[in-house]
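Input: a single structure, listed below in structure tokens.
The values are calculated or read from the model by the stated rules, or taken from the named source; none is laboratory data. Here the structure is a predicted model, which is why all the values come from computation and not from measurement. Neighbour counts run over all protein chains shown; Cβ positions are idealised from the backbone, glycine included. SASA here: full protein model, heavy atoms, side chains in, ligands and nucleic acids out. Shrake-Rupley method; radii C 1.70, N 1.55, O 1.52, S 1.80 Å.
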Amino acid sequence: MTKEDTQQVVLDIIADVAPDEDLTNVKPDVRLRDQLELDSMDFLDIVMELRKRHNIEVPEADYPQLASLDSCAEYLTPKFEALGK
Amino acid sequence: MNSAHHYDVVIIGAGMSGLAAGIRLAHFGKKVCIFERHNAVGGLNSFYSQQGRKFDVGLHALTNFVRPGVKGTPLTKLLRQLRISRDEFQLAEQKRSRVAFGPNGETSLTFTNDFAVFESEVAREFPGQIDGFRALVATVRSYDDVSLDAKPVSARHVVRRHISDLLLEDMLFCPVMYYGSAEEQDMEFGQFVIMFKALFLEGFARPFDGVRVILRTLVDKYRAAGGERRMKCGVRRVITREGRATAVELDDGAVVTTDQVISSIGAPETERLWSQPAGHQASPVGALSFVETISILQRQPRELGWGDDTIVFFNDRERFDYVAATDEVDPRSGVICFPNNFNYENGQELAEGVFRCTCLANHAQWQNLPEASYRQRKAEWFQVIQASARRFLPAVSDQTLQESLIATDMFTPRTVEKFTGHLGGAIYGSPRKHRQGTTSLPNVYLCGTDQGFLGIIGAMLSGISMANYHILRG
């Protein structure tokens, strides 16, 4: 699983959680909240979809790691690799 | 006990809030079952058929309507959380609504889904109050109304800081109270903010086929997510062990074990399902109930000469009294609704005209009537209510109305209690809300009316919030 793959996984989830957002130009190094209208309910959903679809647990203390696509990739890619993906 | 009937979560009641909670829980893999005593879903916002004609109960209009692209409002949050596309609700916007006060509606404020219209109406009728009104709106906009632990404040008190004209004050409170207040004469400011935003800053819409479009969408989502549902099977008792709920006993005597329970049936109604600990302060039963008359007409209301109002909130006295009626009905104030007057897609029109009038009523008075006089009183009040409401509409002769009349129906507090199980026929539940949704048992939670988010969208958000907060986040 490359970091690009991880970013795509996160984008796919956001597309389902917030279908009314335009995801065509999301900048990977900018906080998601600064370019999309996502509130705490939406972030909770991203975490829960990661668990549901990919068996990845994100403890509450680590939520800040999901701030941007880049930080998501840094944080989640090793977790995917640990699951053999 | 049969382990095949063990659930992660049991939900009591298949109304809007119970269904929404169920969708969230089933979507995230919980084994969940909704038990509903009635044979139809919807609870306080349901529908019934009579002589092949479908009647909506509850829903005059869906409040909280915002157009596509407006984000961060209750409607948008709800659609995201339930993974519903807004097209599925088929929402058509209102034409225009009014608040009309005075013996014949001499003072009138029109509003639409464009807030600027309402603001200019306030400026026209109450030029000296417009600065205060704008300050009030700014306070409303900046208030955190979804906070689960806000301190209760009197809405009258906050509004009076900005508005000094009692007539304007009452004209603002009338729609807000009629569409959601369980409290007489005043309401908690957070509740006022939720309703003010829902009615004035957001707006009204309706699916062409009424409330059943929304209910069908919810039921389909719930089923697709793997949720189970049992109809005509209420929960009559919550079984506890060592201070926790372990199971529920159904109306047919069967026992179903569960880890957690969400109850949408109201706080006083839920508290009766198990014996409360010593010193527990029982939630009061709401005092406010309503009657509604429904007339089905051959022609569109517009063709009869009634214009294109969607909703009219009326009051004929100097002050607006939002209290339980002392007589069976209080016809001094009320709400008129014409479901025909929404801008349905492609200029579609409902096949028949519908004229609905809602007034405050007294539950005990209706409850105590013997069957024969109950019917007679209904018929008598029907005429009184309609006559009262028609004072606030353009004049249409009795003969014209009579010639167009196809069918009528009417519900009373007795009907509401019978079909929804809400004690006292209290549509907006107990005056004491439980924002956190907690009960005297650590694994039983409330959602719906008595959790305190109001309106249809509020009800669904309540189910979502409580499922998230107590179960999914845990």
Hey, B:L441 hits all of (1) of a type outside the set (G, A, S); (2) modelled with pLDDT of 95 or more; (3) in a helix (DSSP H, G or I) but one; which does it fall short on?
(3)
List the number of the failed condition for B:R223; all other conditions in (1) in a helix (DSSP H, G or I); (2) under 30 Å from B:L360 (Cβ atoms); (3) not hydroxyl-bearing (S, T, Y) hold.
(2)
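Every residue, every condition in (1) part of a helix (DSSP H, G or I); (2) within 15 Å of the chain's Cα centre (by Cα); (3) over 28 Å from B:L288 (Cα atoms), yes or no:
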{"residue": "B:V159", "(1), (2), (3)": "yes, no, no"}
{"residue": "B:V176", "(1), (2), (3)": "yes, yes, no"}
{"residue": "B:Q191", "(1), (2), (3)": "yes, yes, no"}
{"residue": "B:I194", "(1), (2), (3)": "yes, yes, no"}
{"residue": "B:L201", "(1), (2), (3)": "yes, no, no"}
{"residue": "B:I214", "(1), (2), (3)": "yes, yes, no"}
{"residue": "B:R229", "(1), (2), (3)": "no, no, yes"}
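Would you check if B:V248 is buried (at least 22 other Cβ atoms within 10 Å of the Cβ), at pLDDT 95 or above and either of a type in the set (A, V, I, L, M) or not in a strand (DSSP E or B) (or both)? Explain how you work it out, then say what you get.
Numbers: buried (at least 22 other Cβ atoms within 10 Å of the Cβ): yes; at pLDDT 95 or above: yes; either of a type in the set (A, V, I, L, M) or not in a strand (DSSP E or B) (or both): yes.
Criteria met by B:V248.
Open to solvent by less than 30 Å² (accessible area, probe 1.4 Å), hydrophobic (A, V, I, L, M, F, W, C), touching a residue at least 40 places away in the same chain (Cβ under 8 Å) and touching a helix residue (DSSP H, G or I) at 6+ places or on another chain (Cβ under 6 Å), is that true of B:A361? Steps first, please.
On the way: open to solvent by less than 30 Å² (accessible area, probe 1.4 Å): yes; hydrophobic (A, V, I, L, M, F, W, C): yes; touching a residue at least 40 places away in the same chain (Cβ under 8 Å): yes; touching a helix residue (DSSP H, G or I) at 6+ places or on another chain (Cβ under 6 Å): yes.
Yes: the conditions hold for B:A361.
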Condition check: without any contact (Cβ under 8 Å) to a residue 24 or more places away in the chain and open to solvent by 20 Å² or more (accessible area, probe 1.4 Å). Does B:T415 satisfy that?
yes
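Do you know which residues across region A:22-51 are of a type in the set (K, R) and open to solvent by less than 100 Å² (accessible area, probe 1.4 Å)?
Initial filter on region A:22-51 (of a type in the set (K, R)): A:27, A:31, A:33, A:51.
Passing the criteria: only A:R51.
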Mind checking which residues of region B:15-63 are open to solvent by 50 Å² or more (accessible area, probe 1.4 Å) and within 14 Å of another protein chain (Cβ to nearest Cβ)?
B:G29, B:K30
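Looking at B:G210, is it at pLDDT 95 or above and either over 25 Å from B:Q81 (Cβ atoms) or in contact with a strand residue (DSSP E or B) (Cβ under 8 Å, 6 or more places away or on another chain) (or both)? Walk me through it before giving the result.
Working: at pLDDT 95 or above: no; either over 25 Å from B:Q81 (Cβ atoms) or in contact with a strand residue (DSSP E or B) (Cβ under 8 Å, 6 or more places away or on another chain) (or both): yes.
In short, no.
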Against the conditions (1) in contact (Cβ under 8 Å) with a residue 24 or more places away in the chain; (2) open to solvent by 30 Å² or more (accessible area, probe 1.4 Å), where does B:G347 fall short? Just the number, please.
(1)
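Which residue out of B:Q191, B:Q185 is among the polar types (S, T, N, Q), out of contact with any strand residue (DSSP E or B) (no Cβ under 9 Å at 6 or more places or on another chain) and crowded, with 23+ Cβ neighbours inside 10 Å? Walk me through how you get there before you give the answer.
Details: B:Q185 fails: crowded, with 23+ Cβ neighbours inside 10 Å.
Matching residue, one of B:Q191, B:Q185: B:Q191.
What's the total number of residues in region B:434-454 that are of a type outside the set (V, I, T) and surrounded by 24 or more Cβ atoms within 10 Å (Cβ to Cβ)?
Quick first cut of region B:434-454, residues of a type outside the set (V, I, T) only: B:434-437, B:440-443, B:445-448, B:450-454.
Now restrict to residues that are surrounded by 24 or more Cβ atoms within 10 Å (Cβ to Cβ): B:437, B:445-448, B:450-454.
Matching residues across region B:434-454 total 10.
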A:E81: passes all of (1) in contact (Cβ under 8 Å) with a residue 60 or more places away in the chain; (2) surrounded by 13 or more Cβ atoms within 10 Å (Cβ to Cβ) but (2)
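Looking only at region B:109-120, count how many residues are in contact with a Lys or Arg (Cβ under 9 Å, 6 or more places away or on another chain) and open to solvent by 20 Å² or more (accessible area, probe 1.4 Å).
Of all residues in region B:109-120, those in contact with a Lys or Arg (Cβ under 9 Å, 6 or more places away or on another chain) come to B:109-113, B:117, B:119.
Checking which are open to solvent by 20 Å² or more (accessible area, probe 1.4 Å) leaves us with B:110, B:112-113, B:117, B:119.
So the answer is 5.
In region B:389-412, how many residues are hydroxyl-bearing (S, T, Y) and free of Cβ contacts under 8 Å to residues at least 60 places away in the same chain?
Narrowing region B:389-412 to residues hydroxyl-bearing (S, T, Y): B:397, B:400, B:404, B:408, B:412.
Imposing the further condition that a residue be free of Cβ contacts under 8 Å to residues at least 60 places away in the same chain reduces the set to B:397.
Counting residues in region B:389-412 that are hydroxyl-bearing (S, T, Y) and free of Cβ contacts under 8 Å to residues at least 60 places away in the same chain gives 1.
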Cβ pairs under 7 Å, 6+ apart or interchain, first in region B:287-315 and at positive phi and touching a residue at least 40 places away in the same chain (Cβ under 8 Å), second surrounded by fewer than 24 Cβ atoms within 10 Å (Cβ to Cβ) and charged (D, E, K, R), ordered by first then second residue, are none
